[in-house]
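Following: one structure in structure tokens, then a few remarks.
The values are calculated or read from the model by the stated rules, or taken from the named source; none is laboratory data. Model, not experiment: these values are computed from the prediction. When we count neighbours, we look across all protein chains shown, and the Cβ atoms used for this are built from the backbone with ideal geometry, even at glycine. These area figures cover heavy atoms from the full protein model, side chains too; ligands, DNA and RNA do not enter into them. Shrake-Rupley method; radii C 1.70, N 1.55, O 1.52, S 1.80 Å.
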Amino acid sequence: MDRTLTLLGIESSCDDTAAAVVRLSSGQAPEILSSEVLGQTALHAAFGGVVPEIAARAHAERLDGCVDDALTSAGITLDALDGIAVTAGPGLIGGVLSGVMLARGLAAARGLPLMAVNHLAGHALTPRLTDGIAFPYLMLLVSGGHSQFLMVEGVDRFCRLGGTIDDAPGEAFDKTAKLLGLPQPGGPAVEGEAALGDPKRFAFPRPLLDRTGCDMSFSGLKTALLRARDALIAEKGGITLQDRRDLCAGFQAAVAEVLAIKTGRALAMVADARPTALAVAGGVAANTTIRAVLKTVSERAGVPFLAPPLRLCTDNAAMIAWAGIERLRAGIAPSSAFAARPRWPLDDTAPALLGSGKKGAKS
Ligand code: KG4
Ligand code: ZN
């Protein structure tokens, strides 16, 4: 590629309204000129989870301003763009549609190429934006809505090795927090409590370890926690602060151990392909205990461990702009006609996973 590409990225598939500008100049590392993320935590707080209608309305109201802010912080106008990339799925369809309609309008008005990006591909290609790593690499995506191992073989070539058959781990952290009266998002709250607890007091299950491969399950863990909580309540009429800390520590230790063992298996499955790294993405990658065990497992397998900065691990539009640049650069034609898709597996050949998560049917 011998020309500079400056793309606007738009992301609205769950509960973050995001716009960003990313530039790739020939022979240089990519630059994130701006990355705006407007979270919606406060809007959904009273409901204990993301409410699709509220999310869609908020995206529709905020996207214009978010794009304006991204262009202003990047110090450019629409005239400087070489294209627009938008998340076209998977996700909550109302929000995805808001982003797709805005992107379509802007692209048509300015005669710009429009790239329809799979949200998961955005996460999966992020290590190339942050660290410029080469294909192939193994990606573990662990967030509130996703949980899967992907071998990233090319800009448009992903092989899913396994994933959750029910809840995503972030979802399990969020539900655990709810069961224990902790605030949302649950991950940081549970991690904070776990730091003060005894991980050995409660013996929570390590689901699906008896099954070969690297599929995972987290919903039984949450049920086990509910039973342990209710047993304490039945016995003593309530739970103490220390009980809560111990429950959190036991739960987190179980998630960390399952992720570590399944990651070890995924690394073994792809060893012959010599992955350049194990990279993580998703909000759960913020968890210090989980990060530490993944790093250990990866380095034990002789594979470098890579965790992009958290603001690029969680939902953002820079990863969408970057995926658009990667696709343009690889000669993939812009998307003239495409539909917003609630479900959009990255790897059509992998067997469908069961169950349903925060973002609807598992992607
Ligand atoms: O990637 P993300 O921002 O959004 C999507 O779900 O796509 O991830 C948010 C999820 C939430 O479920 C949140 O509880 C979890 O990541 N999370 C954590 C931590 N920080 C965020 N889970 C465990 N430990 C954390 N420190
Ligand atoms: Zn995501």
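Of all the C-alpha pairs in region 130-272, what % are more than 26 Å from each other?
Percentage above 26 Å: 31.
Given a cut-off of under 8 Å on Cα pairs at least six residues apart, what relative contact order in percent is computed for the chain?
24 percent
Within region 1-92, list the trypsin sites (Lys or Arg not before Pro) lying in a DSSP loop whose Cβ has at most 10 other Cβ atoms in a 10 Å radius.
The qualifying sites are ARG3.
Report the Cα-based extents of region 232-363 along its three principal axes, largest first, to the nearest Å.
Dimensions of region 232-363 along the principal axes of its Cα atoms: 64, 38, 31 Å.
So what is the 222 nm mean residue ellipticity for the chain from helices alone, if each DSSP H run of at least 4 adds -39500 (n - 2.57) and you divide by all residues, rounding to the nearest 500 deg cm²/dmol?
After summing the helix terms and dividing by residue count, I get -13500 deg cm²/dmol.
Which net charge results when you count Lys and Arg as +1 and Asp and Glu as -1 among the other residues whose beta-carbon is under 12 Å from that of LEU81?
Charge balance in the 12 Å sphere: 0.
Which FRET efficiency value, to the nearest 0.05, is calculated for THR240 and ASP347 with the Förster distance at 56 angstrom and r the Cβ-Cβ distance?
With a Förster radius of 56 Å, E is 0.75.
With a 1.4 Å probe and all protein chains left in place, how much accessible area per residue does region 46-148 have, in Å²?
Normalised by residue count, the accessible surface of region 46-148 is 34 Å².
Looking at region 281-350, which chymotrypsin sites (Phe, Trp or Tyr not before Pro) are in a loop (DSSP not H, G, I, E or B) and have at most 16 other Cβ atoms within 10 Å?
Within region 281-350, the qualifying chymotrypsin sites (Phe, Trp or Tyr not before Pro) (loop, at most 16 other Cβ atoms within 10 Å) are PHE338.
Can you tally the net charge around PRO304? Count Lys and Arg as +1, Asp and Glu as -1, for every other residue whose Cβ sits under 10 Å from the Cβ of PRO304.
So the environment of PRO304 carries a net charge of -1.
For region 74-175, what is the Kirkwood estimate of the hydrodynamic radius, computed as the reciprocal of the mean inverse distance between distinct Cα atoms, to one decimal in Å?
One over the average 1/r among Cα pairs gives 15.6 Å for region 74-175.
Send over the Kirkwood Rh of the chain, from the inverse of the averaged 1/r over different Cα pairs, rounded to one decimal Å.
Final number for the Kirkwood radius of the chain is 20.8 Å.
Residue-wise, which Karplus ³J(HN,Hα) couplings in Hz belong to region 204-214, taking 6.51 cos²θ - 1.76 cosθ + 1.60, θ = phi - 60°, and x for glycine or proline?
Once rounded to whole Hz, the list reads 7, x, 10, x, 6, 5, 6, 8, 5, x, 10.
Can you run phi through the Karplus equation (6.51, -1.76, 1.60; θ = phi - 60°) for region 330-340 and list ³J(HN,Hα) in whole Hz, with x for Gly and Pro?
7, x, 6, 5, x, 9, 7, 10, 8, 9, 6
Roughly how many percent of the accessible protein surface of the chain is carbon and sulfur, given a 1.4 Å probe and a whole-percent answer?
54 percent
Just to be sure I understand the curve: with the Debye formula and one point per C-alpha of region 1-140, what is log10 I(q)/I(0) at q = 0.11, 0.16, 0.20, 0.21 Å⁻¹?
Rounded to two decimals, the profile gives -0.42, -0.85, -1.23, -1.32.
Please report the equivalent ellipsoid semi-axes of region 229-286, computed as sqrt(5 x eigenvalue) of the Cα gyration tensor, largest first, in whole Å.
38, 12, 6
How many nm separate the modelled label positions at ILE332 and ALA29, each set 7 Å beyond the Cα in the direction of the Cβ?
2.4 nm
Counting other Cβ atoms within 10 Å, which trypsin sites (Lys or Arg not before Pro) in region 98-153 have at most 13 and lie in a DSSP loop?
none
Given the C-alpha centroids of region 178-251 and region 1-24, what is the distance between them in whole angstrom?
A separation of 38 Å, based on Cα centres.
Quick check for you: with a 1.4 Å probe and neighbouring chains kept, what is the accessible area per residue of region 215-354, in Å²?
Ligands and nucleic acids excluded, the figure is 43 Å² per residue.
Over region 121-234, what relative contact order in percent results from Cα pairs under 8 Å that are six or more residues apart?
Reported as a whole number, the value is 21 percent.
Explain nothing, just compute: Karplus ³J(HN,Hα) = 6.51 cos²θ - 1.76 cosθ + 1.60, θ = phi - 60°, for every residue of region 107-121 in order, whole Hz, x for Gly and Pro.
5, 5, 5, 9, x, 9, x, 10, 10, 8, 10, 6, 3, 5, 5
Please compute the length gained on full extension between ARG227 and ARG311, using 0.36 nm multiplied by the number of residues separating them and subtracting their Cα-Cα distance.
Value of the extension gain: 26.7 nm.
Calculate the spin-label point distance for THR77 paired with THR212, positioning each point 7 Å from the Cα along the beta-carbon direction, and give it in nanometres.
6.3 nm
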